[in-house]
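Colleague: Okay, here's the structure, questions in a sec.
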Amino acid sequence: MKAMNFYDKILFANHLEEDESLQYVVHKHWFEIFKPALATTLFGIVPPILLVVFLVGITTSNPLFWFAGAWLILGLISFFYTCVDWYYDAWLLTDQCVIDIKWNGLFERTAWRVEYPAINGVAYELKGFWGFLLGFGDMRIEKTSSQTVELRNASKPREAEAQIVELQEKFLEGKNSTDSEAIKSLLAEVIKTHIKNKK
């Protein structure tokens, strides 16, 4: 099992139950945000810096200085928003379930819990030249209810699939062990009661 990233543990802690521990996080690949981050940098961050350095100079009395400053702040906010939106679209693999998180803006997040007994299968698909070359692809969890949960452009999908299968097996083994212990103790109580009643 791979060591957990410190930031993942802190930033995703509010999605976990008290008795639940985060084991692995499946993020989208960095290629997913490459184009929007590059566009934000080229049109929202670089131009105002060039404007101040080459045309306006560093004088606060010039109105173009303040215009460039506002432009730069908006560009940085947009860049930060793009990165956060990418980071929070993830699957959290815990010791009890898979949590599918979608970040839909500053004030809207959705989280779906897929319990391990409800998982019927896990699949991934590497698509296209870049997906094959950089090792990212679409992942899908098939539930026993015939519903599917998808994560597009997931980073390291083979490794993520193996982690889900391993965690599911551990969970089901632990559940079967707990269930068999409960059945044994119940049978022991029934036999004990039956013997007392015979006397």
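The values are calculated or read from the model by the stated rules, or taken from the named source; none is laboratory data. Please read all numbers here as calculations on a predicted model, not as lab measurements. Glycine gets a Cβ as well: all are built from the backbone with ideal geometry, and neighbour counts include every protein chain shown.
Colleague: With the condition being closer than 30 Å to SER78 by Cβ and touching a strand residue (DSSP E or B) at 6+ places or on another chain (Cβ under 7 Å), I'd like the strands (runs of 3 or more DSSP E) fully within the stretch 103-156 carrying at least 3 qualifying residues.
Modeller: Counting at least 3 such residues, we get 109-115, 136-143, 148-155.
Colleague: Filter the stretch 20-56 for residues that are without any contact (Cβ under 8 Å) to a residue 24 or more places away in the chain and either in contact with a strand residue (DSSP E or B) (Cβ under 9 Å, 6 or more places away or on another chain) or of a type in the set (A, V, I, L, M) (or both) and give the result.
Modeller: Within the stretch 20-56, LEU38, ALA39, LEU42, VAL46, ILE49, LEU50, LEU51, VAL52, VAL53, LEU55, VAL56 qualify.
Colleague: Something else now. Only one residue in TRP91, TRP103 is in contact with a helix residue (DSSP H, G or I) (Cβ under 6 Å, 6 or more places away or on another chain), within 17 Å of GLU32 (Cα to Cα) and surrounded by 15 or more Cβ atoms within 10 Å (Cβ to Cβ). Which one? Talk me through it step by step, then tell me what you get.
Modeller: On the way: TRP91 fails: in contact with a helix residue (DSSP H, G or I) (Cβ under 6 Å, 6 or more places away or on another chain).
The conditions single out TRP103.
Colleague: Which is in the same structural domain as GLU159 (by TED's automatic domain parsing), more than 15 Å from the chain's Cα centre (by Cα), closer than 25 Å to ILE45 by Cβ and of a type outside the set (S, T, N, Q), of GLY69, GLY105, GLY128? Working first, answer last.
Modeller: Values: GLY69 fails: in the same structural domain as GLU159 (by TED's automatic domain parsing); GLY128 fails: closer than 25 Å to ILE45 by Cβ.
The match here is GLY105.
Colleague: Is the stretch 8-24 home to any residue that is farther than 30 Å from GLN147 by Cα and surrounded by 13 or more Cβ atoms within 10 Å (Cβ to Cβ)? I'd like the intermediate steps shown before the answer.
Modeller: Our first condition is that a residue be farther than 30 Å from GLN147 by Cα; within the stretch 8-24, this holds for 10.
Now drop any that are not surrounded by 13 or more Cβ atoms within 10 Å (Cβ to Cβ), which leaves none.
No.
Colleague: I would also like to ask the following. Sort out which residues of the stretch 144-154 are surrounded by fewer than 21 Cβ atoms within 10 Å (Cβ to Cβ) and either touching a residue at least 40 places away in the same chain (Cβ under 8 Å) or more than 22 Å from THR110 (Cα to Cα) (or both), and write them in order of number.
Modeller: VAL149, ARG152
Colleague: Moving on to the next point. Take the residues in the stretch 106-143 that are closer than 16 Å to ASN14 by Cβ and charged (D, E, K, R); name whichever of them is surrounded by the fewest Cβ atoms within 10 Å (Cβ to Cβ).
Modeller: Restricting to residues being closer than 16 Å to ASN14 by Cβ and charged (D, E, K, R), the top hit is GLU108.
Colleague: Another one. Which condition number in (1) small (Gly, Ala, Ser); (2) over 24 Å from ILE141 (Cβ atoms); (3) touching a residue at least 60 places away in the same chain (Cβ under 8 Å) is the one that ALA90 fails?
Modeller: The single condition ALA90 does not satisfy is (2).
Colleague: Additional query: Has the stretch 44-66 got at least one residue that is in a helix (DSSP H, G or I) and closer than 30 Å to LYS102 by Cβ?
Modeller: Yes - at least one qualifying residue is present in the stretch 44-66.
Colleague: Anything in the stretch 46-80 that is buried (at least 17 other Cβ atoms within 10 Å of the Cβ) and closer than 29 Å to ASN153 by Cβ? List them, or say none.
Modeller: Passing the criteria: GLY75, SER78, PHE79.
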